[in-house]
Amino acid sequence: NIAKMEVSVPLPIIVNSAGCAAAMKEYGDLLRDDLDWSHRAHQFAKRVADPSEYLARMGIELPFERGAGDNERVTYQDPCHLAHAQRIREQPRSLMRAAGCEIIETPGGDMCCGAAGIYSLVQPEMSRQLRGKKADQFHAAQPTIVVTANPGCQMQYESAVRQAGVKARVLHVMELLDERLKR
């Protein structure tokens, strides 16, 4: 990755998968003792950003369609790798509020959904239990849209929504924002 993405002008590397971005931001630490790669890895890691982090850092205001999504019950579920590893919590919520969303916070919205990369494959029972907790939260909150910022979580929430019997769409935060942009 480092070699393939090196450029003369250090452009940002925007990664819409919280787990992947968290790992890529750690390249400098992972390769700190490698004389050939340490400096390159640190330079690379500094360029990696979550889309919501990048938009907030740059102060970019997106032109959102007012009234889009009125009467929607939107809940945002923090991906573990975004909230805990990257410490990004407020930026996705701020963007969603700017897009006109009233966010319904659910108890445990920042708790693991059980996807965790390949966790659902290597620990299927624990993954199922965690997904069940999310299903209970969704059943209680009755959202019409469940939003997250990690593809693995997004797939887990698709199952949790079905398990809860809730008629809700599950979207990546960038998909939600895209829907709300003025065209």
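Computed values, structure above
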| item | result |
| --- | --- |
| Taking the range 1-101 and dividing mean pair separation by its residue count, relative contact order in percent (alpha carbons under 8 Å, at least six apart) | 29 |
| Nearest-10 value in Å² for the accessible area of residue 128, using the 1.4 Å probe | 110 |
| Rounded accessible area of residue 155 (nearest 10 Å², 1.4 Å probe) | 140 |
| Within the chain, helix-based [θ] at 222 nm, where runs of 4 or more DSSP H residues each add -39,500 (n - 2.57), nearest 500 | -13000 deg cm²/dmol |
| Three-way shape label, the range 1-101, alpha-carbon gyration tensor, a/c 1.5 | prolate |
| Solvent-accessible area of residue 119 with every protein chain in place, 1.4 Å probe, in Å² to the nearest 10 | 70 |
| Residue-normalised accessible area of the chain, given per residue in Å² at a 1.4 Å probe | 55 |
| Whole-percent pair-distance distribution, where bins are 5 Å wide, for the alpha carbons of the range 28-183 | 2, 9, 17, 19, 17, 14, 10, 7, 4, 2, 0, 0 |
| Accessible carbon and sulfur surface of the chain relative to its total accessible area, %, 1.4 Å | 54 |
| Rounded to 5, percent antiparallel among DSSP beta bridges of the chain | 10 |
| Using a Förster distance of 25 Å, the FRET efficiency for residue 110-residue 178 (Cβ separation, nearest 0.05) | 0.55 |
| Relative contact order computed over the chain (Cα-Cα under 8 Å; 6+ residues apart), in percent | 22 |
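The values are calculated or read from the model by the stated rules, or taken from the named source; none is laboratory data. Because the structure is a prediction, the values reported are computed rather than measured. Because the Cβ atoms are built from the backbone with ideal geometry, glycine has one as well, and the counts that use them run over all protein chains shown. Side chains included, ligands, DNA and RNA excluded: accessible areas come from the protein's heavy atoms. Shrake-Rupley method; radii C 1.70, N 1.55, O 1.52, S 1.80 Å.
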